[in-house]
1. Out of Leu273, Leu317, report the one residue that is closer than 24 Å to Phe238 by Cα and at pLDDT below 95.
2. Which of the helices (runs of 4 or more DSSP H) contained wholly in the stretch 178-268 include at least 1 residues that are of a type in the set (Gly, Ala, Ser) and free of Cβ contacts under 8 Å to residues at least 24 places away in the same chain?
3. Out of the stretch 31-76, which residues are in contact with a Phe, Trp or Tyr (Cβ under 8 Å, 6 or more places away or on another chain), under 16 Å from His141 (Cα atoms) and not small (Gly, Ala, Ser)?
4. Go through the stretch 333-355 and report how many residues are surrounded by 15 or more Cβ atoms within 10 Å (Cβ to Cβ) and either among the hydroxyl-bearing types (Ser, Thr, Tyr) or at pLDDT 55 or above (or both).
5. Return a yes/no flag: does the stretch 240-259 have any residue that is surrounded by fewer than 14 Cβ atoms within 10 Å (Cβ to Cβ), at pLDDT below 95 and touching a Cys at 6+ places or on another chain (Cβ under 8 Å).
6. Here is a list of conditions, (1) under 11 Å from the mean Cα position of the chain (by Cα); (2) within 22 Å of Ala98 (Cβ to Cβ); (3) surrounded by fewer than 20 Cβ atoms within 10 Å (Cβ to Cβ), and Arg179 meets all of them except one; can you say which number that is?
7. What pairs can you find where one residue is in the stretch 298-316 and assigned to a strand (DSSP E or B), the other is of a type in the set (Val, Ile, Thr), and their Cβ atoms are less than 7 Å apart, with a gap of 6+ or different chains?
8. Could you list, in sequence order, all residues of the stretch 229-256 that are among the aliphatic types (A, V, I, L, M) and out of contact with any Ser or Thr (no Cβ under 9 Å at 6 or more places or on another chain)?
Amino acid sequence: MNLDATYKAWLIELKGKIRSTQIKAALAVNSTLIEFYWDLGKMISEKESVWGNKLIEQVAKDLKSEFPDMKGLSRRNLFNTQKFYNFYNQPIVQQVVALLQNDIEEVKSPISQQLVDQFKKDGCKGDSIVQHLVAQIPWGHNILIFTKAKTVEIALFYVKQTIENQWSRETLKNQIGNRLHERHGKAISNFNKTLPDSVSALAQQTLKDPYIFDFLSIDTEYRERDIENQLVAHVQKFLLELGKGFAFIGQQYHLKVSDNDYYLDLLFYHTRLKCYVVIELKNTRFMPEYAGKLNFYLSAVDSLVKMPDDNPTIGLLLCKEKNSIEAEFALRDINKPIGISEYLIAENLPEDLKSSLPTIEEIERELGYDIE
């Protein structure tokens, strides 16, 4: 590169930026660090067209000389900061942010109020909102998201989910690998007709379709109870797939109605929805009569278990397969909130999904829930 006076002046500005950041937070606070990487990527992107593609190599050399003990100024990481900024600096971002605003207004979540405040503060400026979001997760998580996500919309979905669920990097990798964004909120349900408006949208977003139980080791011939027993045996992994908020209450939960005994496959309580959730497992394709039986169970739980300040009990019917039209018809006149989803176990996962999933050993490691 031709190191002219303009470059040297810009380098001085860049060094000043680093020093001010060090003074402000010593680069220890994650949000400050991510905002710094955003600004760094922006500065490099704006100047690369002036000084050419050797800029990063030269900047890395000069910054290393000036800040020998500081991490994050390697040639590789400077490339990452540039990719980071360029990925989100697209015309589509403003449209995505508008959709995001609609989403947070409809689905109340732990970060909703933060985003509402940020929208008011920044006047819904796309780049500012995005910068606020990505600054809330570690740099390693950010790299994983912007290098794996195909669109800004998908990327921001995983950023939001990481913030809300406090995922470790391995958990995030697993969720991206099994394409959570394609399954999230996709269950067929009647929630919009059977739940209060205040919880209907959140309840829908709580469910998935299909659920992936790749951690189960089951022979070709298996019964519903075999699946149920293994899900309980691997309850941590099961809860990870169900999502944040589910608390396990019991298996084959006993209810007595009149003089008859009934047993629920699995009973949970959802801490955000503030309601019980009954999960029924079927080792067959969906049949309409399953919805009727689950409706009966929900009535029993509402009468015998639910407390006055709990929201209506929700049912989740998990089947090996379903016909969407049949499922919708079956729920049309049901008066209790029910969702219907399929589930996949290792033997019937699509080949492209199998290749993207982590090994059992990797899943075991991620269950430490270490937040980087």
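The values are calculated or read from the model by the stated rules, or taken from the named source; none is laboratory data. From a predicted model like this one, the values you see are computed outputs, not experimental measurements. Note that we place each Cβ from the backbone using ideal geometry, even for glycine, and neighbour counts take in every protein chain shown.
1. Only one candidate qualifies: Leu273.
2. 197-206, 224-233
3. Matches in the stretch 31-76: Leu33, Ile34, Tyr37, Trp38.
4. Matching residues across the stretch 333-355 total 12.
5. Scanning the stretch 240-259 turns up no residue that is surrounded by fewer than 14 Cβ atoms within 10 Å (Cβ to Cβ), at pLDDT below 95 and touching a Cys at 6+ places or on another chain (Cβ under 8 Å).
6. (2)
7. Matching pairs, first to second residue: Ile314/Val277; Gly315/Val278; Gly315/Ile338; Leu316/Val277; Leu316/Ile279.
8. Leu231, Val232, Ala233, Val235, Leu239, Ile249, Leu255 - these are the residues of the stretch 229-256 that are among the aliphatic types (A, V, I, L, M) and out of contact with any Ser or Thr (no Cβ under 9 Å at 6 or more places or on another chain).
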